[in-house]
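Take a look at the structure below.
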Amino acid sequence: MNPREKTQELLYKLDGLTPSDAIAWLAAEYPGEVTFSSSFSYEDQVITHDILSNNLPVSIFTLDTGRLFAETYSVWSSTNNRYQTNIKAYYPNNEAIESFVAHNGPNAFYDSVELRKSCCGIRKVEPLKRALKGNKIWITGLRAEHSAARKDLSMIEWDESNQVIKFHPILHWTTEQTKEYIRKNNIPYNPLHDKGFVSIGCAPCTRAVREGEDFRAGRWWWEDADKKECGLHVHEAPAVSGNV
């Protein structure tokens, strides 16, 4: 069975399950090979809560780019304390980032799309590949509301670049549904969300979203809208719709 056929099979088997039950099923099906990437966003905190409060055997990691907001580090610490865990961090290769900054300056990402993508490649994409190594399933907190490009995304997809199956358990949750889950379960969350920050990444590349703006308007706001991806999530055409 090729990877794309496998994604279709998984969509069928997970159909109708709650996010927690779906994650538990995957963890049982792929023991020791399921991992979750967290940026400590609303969405990621929901999934972290499901994993840790239910003692699901899924590893959790984060990418520390070295340019995160202080509030992000704060919610990271709060999460570790709340769930008595120690979320693993992956960092950029020091030689690569030292060379990039030496040749281009500390804020080169403002100068061109190419330099911004190079920065993202060093700080995010390469560490992600290390984090995903040895895993079969990558769980993410992507939601369809976050961008037009994700509206038709399948809940299960094959990631050719990282050779892994991706699962987006709350892809179809609304923002209000996500916030309500946070409130109901008293889950730690990034206080920047209360200040208009929707998608929170590196501090120099993220601003609050103004009223009426798109969800992704606060990320790399100086670039054209069609260029606003960092390379972590590269999607192919969806296979089949799922209702997990």
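Every read-out reported here was derived from the displayed coordinates using simple, explicitly stated rules and does not represent laboratory data. Quick caveat: nothing in here was measured; it's all calculated off a predicted structure. Counting neighbours? That spans all protein chains shown, and the Cβs are built from the backbone with ideal geometry, glycine included.
Laid out as a table, the results:
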read-out	value
Residue of GLN177, GLN163, GLN45 that the Gaussian network model of the chain assigns the largest fluctuation, springs spanning Cα pairs under 10 Å	GLN177
Rounded if a/c under 1.5, otherwise prolate or oblate - region 10-146, Cα gyration tensor axes	prolate
Region 51-99: C-alpha gyration tensor shape, a/c 1.5 cut-off, then a/b vs b/c	oblate
Chain lengthening between GLN177 and LYS151 when straightened (0.36 nm per residue, less Cα-Cα)	7.7 nm
Eligible lysines near LYS129 by straight Cα distance, threshold 18 Å, same-chain separation 8 or greater	LYS88, LYS117, LYS166
Candidates ALA144, ALA96, ALA203, ranked by Gaussian network fluctuation over the chain, Cα under 10 Å, top entry	ALA96
Selected from LYS151, LYS184, LYS124 as most flexible by GNM, with the chain as the system and alpha-carbon contacts under 10 Å	LYS184
Size of charge dipole - the chain - debye, nearest 20, with Cβ of Lys, Arg +1 and Asp, Glu -1, no other charges	440
Descending Cα extents along the principal axes, region 125-167, whole Å	30, 18, 16
Prolate/oblate/rounded label for the chain (Cα gyration tensor, a/c 1.5)	rounded
Where a label projected 7 Å from the Cα of GLU223 along Cα→Cβ would reach, residues of region 113-152 with amide N under 16 Å	113-126, 147-150
Degrees, to the nearest 10: 3-14 long Cα axis against longest axis of the chain	60
